[in-house]
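Below is one structure; the comments refer to it alone.
The values are calculated or read from the model by the stated rules, or taken from the named source; none is laboratory data. Just so we're clear, the structure is a prediction, and the values are computed from it rather than from any experiment. Positions of Cβ are generated from backbone atoms using ideal geometry, with glycine treated the same way; all protein chains shown enter the neighbour counts.
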Amino acid sequence: MLREFMILSRGGQGGVTASRILATAAAVEGRWAQAMPEFGAERRGAIVRSYLRVSEEPIRRRSAVREPEGVAVFSRRIIEITDVNKLAPPPVPLLLNSEKGVVLGERRVFYVDATGIALKLGLLVAGWPLVNTAMAAAMAKTFNIASLESVKKAMGDYFRGKTLEANLAAAELAWESVRGL
Amino acid sequence: MKKKILMGSHAVAEAVKLARVDVISAYPITPQTVIVERLAEMVERGELKSRYVRVESEHSALAVVYGASAGGSRVFTATSSHGLLYMYEMLWWVTNSRLPVVMAVATRAIGPPWNIHTDHNDALTIRDAGWIIGFAESVQEAFDMTLQAYKIGEDKRVLLPVMIALDGFILSHTSEPVLVPEEEEVADWLPPREPLPFKVEPGKPFAVGNLGPDNVTMELRWNAWKAAERAKRVIEEVSAQYEKRFVTGTSSGLVERYETEGAKYLAISIGAWSGDVKEAVDALREEGYDVGLARIRYVRPFPREELRDLLSSVRAAVVLDRSVSMGHMGILGSEVRAVSERTPVKNVIAGIGGVDVSYKDFISILRGFVEEYEAGLSGEWSVAEWYMPWVTER
């Protein structure tokens with residue numbers, strides 16, 4: 001079965017890398033996967049959509065994901081300034097980077113304090129908390145995409161040394177602390 | 001063999017590395033830039049022993065690899081859109097000098113308006129310049145075709161430049177699983193480029209590109225034309241041999257046939273959106289429509305005979321074009337129509353400027369095409385149709 005997901009992040013938050021980590025994690029588990037960013041003329045700060053497809057079969061579809069089964073939003077502000085209900089209408093479940101849960105229409109909302117986790121572990125780039133590994137792990141758990149072990153293994157393809165260690169810790173914390181309303 | 005999750009640009013860079021290229025020269029342009037950035041990193045880290053030449057323009061990038069190739073080196077460059085158009089003059093110098101330069105083109109719309117997303121007008125616009133032109137459907141195929149390009153172009157029966165087109169972003173920035181063969185295996189399959197009978201080198205002056213008599217010019221063109229014809233056979237051989245040896249699961253030859261056995265209607269496409277077309281074919285087959293897909297892998301040399309065969313056994317065909325020749329029709333549409341003997345060919349232009357076209361759109365396009373034919377409306381197909389469902393008033 002082909003499963004499709006969407007990530008809404010800001011340029012610089014690592015949404016594209018999160019989808020790549022999850023695609024790699026699915027491949028670690030022997031499945032087919034595709035991570036696809038949708039770029040406009042974006043630069044740091046702009047809202048970027050990334051897609052993730054996972055399947056037991058080779059994936060042929062390369063058009064944009066229009067009907068995701070789950071959506072991850074990398075900051076609360078994105079919900080205020082984009083029409084998430086249009087991109088991923090309820091009851092599509094939503095995972096939010098937030099300290100606390102929020103009610104967003106007729107859908108399940110999951111939340112994880114990815115920013116808090118990043119700050120605690122010193123995951124900063126140019127002053128920005130890097131929330132992507134925490135969000136990737138939380139997505140993997142919330143939407144049942146891959147195991148924590150596979151996500152951690154996948155992260156080895158993207159980070160090295162101390163950065164890898166901090167990101168592995170972020171993934172573990174996020175996996176443990178993601179909650180649903 | 002290693003299975004890696006790679007984005008298209010990195011997969012192309014891996015293939016170039018495995019081909020043990022001697023000289024790389026390029027000028028950055030989105031969405032191609034990631035390819036040459038990755039190659040620059042490989043050279044910097046010492047993983048790839050190539051000479052990397054930075055230049056001030058795409059015209060110069062192709063001029064540098066042209067010279068290096070004339071000196072016997074294996075070379076690579078990459079570009080997109082305006083960069084490719086800026087190379088136009090040099091494209092002909094490379095072909096007419098019969099040099100097996102390999103170039104990746106991450107396809108991108110031509111401005112204005114400024115647009116970084118894919119369509120096929122950049123790559124198809126150079127179809128008369130004598131390059132072999134392949135279009136990849138997947139990241140794996142972009143990898144495979146890049147590696148095969150060296151073996152095809154350097155074959156003594158060919159000696160022509162090869163361009164591999166991969167849809168900008170949709171392949172260049174999309175990560176998919178890729179089977180990457182081991183270095184030693186590739187080295188065995190793709191030996192170093194054979195020495196030239198004559199080559200440009202310091203200390204041995206001779207004239208290149210001198211004034212030539214008219215009849216010699218024409219004979220040289222004829223020789224290149226024959227080489228392009230022979231390239232069909234070489235593409236088939238090399239791709240089949242590669243697939244047998246490395247088993248990466250991509251198709252070989254000039255055309256991939258998908259559900260064409262016994263099909264009454266045929267869709268024809270190139271590039272990354274062909275995967276969505278295949279899904280549409282599956283969905284329509286379940287509804288009882290006998291549709292198949294011919295995916296053209298190489299538009300130069302053009303698969304005349306293969307398409308003629310396929311077209312002669314169906315009632316009608318539709319060409320799905322991501323390009324347009326103003327004042328006529330889609331570029332692929334006109335190419336296909338030229339080889340169809342009796343079969344009516346509809347031409348649909350879609351996805352220009354990167355407009356997203358999904359399997360659902362293709363279901364609607366293909367269903368419309370079959371219904372029109374069955375309603376006896378194929379006589380109205382002389383003018384191409386623009387698929388723009390968001391435009392309600394025409």
Next on the checklist: One residue is enough: does the range B:288-307 have a residue meeting the conditions surrounded by fewer than 21 Cβ atoms within 10 Å (Cβ to Cβ), touching a residue at least 24 places away in the same chain (Cβ under 8 Å) and of a type in the set (Ser, Thr, Tyr)?
Outcome noted: yes
Item to check | Tally of residues being at pLDDT 95 or above and more than 21 Å from the chain's Cα centre (by Cα) across the range B:172-201 | outcome: 12
Checklist entry - Are any of the residues in the range B:314-333 out of contact with any helix residue (DSSP H, G or I) (no Cβ under 7 Å at 6 or more places or on another chain), surrounded by fewer than 24 Cβ atoms within 10 Å (Cβ to Cβ) and not in a loop (DSSP other than H, G, I, E, B)? => result no
Checklist entry - What about B:Val178, is it part of a strand (DSSP E or B) and either of a type in the set (Val, Ile, Thr) or more than 14 Å from every other protein chain (Cβ to nearest Cβ) (or both)? => result yes
Checklist outcome for this item: How many residues of the range B:235-254 are more than 22 Å from B:Met1 (Cα to Cα) and surrounded by 19 or more Cβ atoms within 10 Å (Cβ to Cβ)? The answer is 2
Checklist entry - Residues of the range B:340-361 being surrounded by 16 or more Cβ atoms within 10 Å (Cβ to Cβ), out of contact with any Lys or Arg (no Cβ under 9 Å at 6 or more places or on another chain) and within 19 Å of B:Ile268 (Cβ to Cβ), which ones? => result B:Lys346, B:Val348, B:Asp361
Checklist outcome for this item: Picked from the range B:62-74 (must be over 12 Å from B:Val94 (Cα atoms) and not hydroxyl-bearing (Ser, Thr, Tyr)), the residue surrounded by the most Cβ atoms within 10 Å (Cβ to Cβ) is B:Arg74
Checklist entry - Does the range B:155-172 include one or more residues that are polar (S, T, N, Q), buried (at least 22 other Cβ atoms within 10 Å of the Cβ) and assigned to a strand (DSSP E or B)? => result no
Item to check | Flag for A:Arg66 being buried (at least 23 other Cβ atoms within 10 Å of the Cβ), more than 28 Å from A:Pro129 (Cβ to Cβ) and over 15 Å from the mean Cα position of the chain (by Cα) | outcome: no
Item to check | Qualifying position, being under 30 Å from B:Glu236 (Cα atoms), in contact (Cβ under 8 Å) with a residue 24 or more places away in the chain and of a type in the set (Gly, Ala, Ser), among B:Ser81, B:Ser57 | outcome: B:Ser81
Next on the checklist: Just to be sure I understand, how many residues within the range B:346-362 are part of a helix (DSSP H, G or I) and either among the charged types (D, E, K, R) or away from chain A (no Cβ under 11 Å) (or both)?
Outcome noted: 4
Next on the checklist: Being at pLDDT 95 or above and either within 14 Å of chain B (Cβ to nearest Cβ) or in contact with a helix residue (DSSP H, G or I) (Cβ under 6 Å, 6 or more places away or on another chain) (or both) is the requirement here; does A:Ala64 meet it?
Outcome noted: yes
Checklist entry - Do we have any residue at all in the range B:38-61 that's assigned by TED's automatic domain parsing to the domain that holds B:Val94, among the hydroxyl-bearing types (Ser, Thr, Tyr) and part of a helix (DSSP H, G or I)? => result yes
Checklist entry - Right, B:Ala263: under 17 Å from B:Asp321 (Cβ atoms) and buried (at least 23 other Cβ atoms within 10 Å of the Cβ) or not? => result no
Checklist entry - Which pairs do you get when a residue that is within 14 Å of chain A (Cβ to nearest Cβ) and hydroxyl-bearing (Ser, Thr, Tyr), found in the range B:5-32, comes within reach of a residue that is in a helix (DSSP H, G or I) and surrounded by fewer than 24 Cβ atoms within 10 Å (Cβ to Cβ), reach meaning Cβ atoms under 9 angstrom, with the pair 6+ apart or on two chains? => result B:Ser9/B:Thr33; B:Ser9/B:Val34; B:Ser9/B:Glu37; B:Ser9/B:Arg38
Next on the checklist: So, in the range A:10-48, how many residues would count as being closer than 23 Å to A:Val125 by Cα, at pLDDT 95 or above and more than 11 Å from chain B (Cβ to nearest Cβ)?
Outcome noted: 1
Checklist outcome for this item: Here the residues within the range B:28-62 that are more than 21 Å from the chain's Cα centre (by Cα) and among the hydrophobic types (A, V, I, L, M, F, W, C) are B:Ala40, B:Met42, B:Val43, B:Leu48, B:Val53, B:Val55
Checklist entry - Which condition number does A:Ala136 fail, the rest of (1) closer than 17 Å to A:Arg10 by Cα; (2) within 14 Å of chain B (Cβ to nearest Cβ); (3) surrounded by fewer than 24 Cβ atoms within 10 Å (Cβ to Cβ) being met? => result (3)
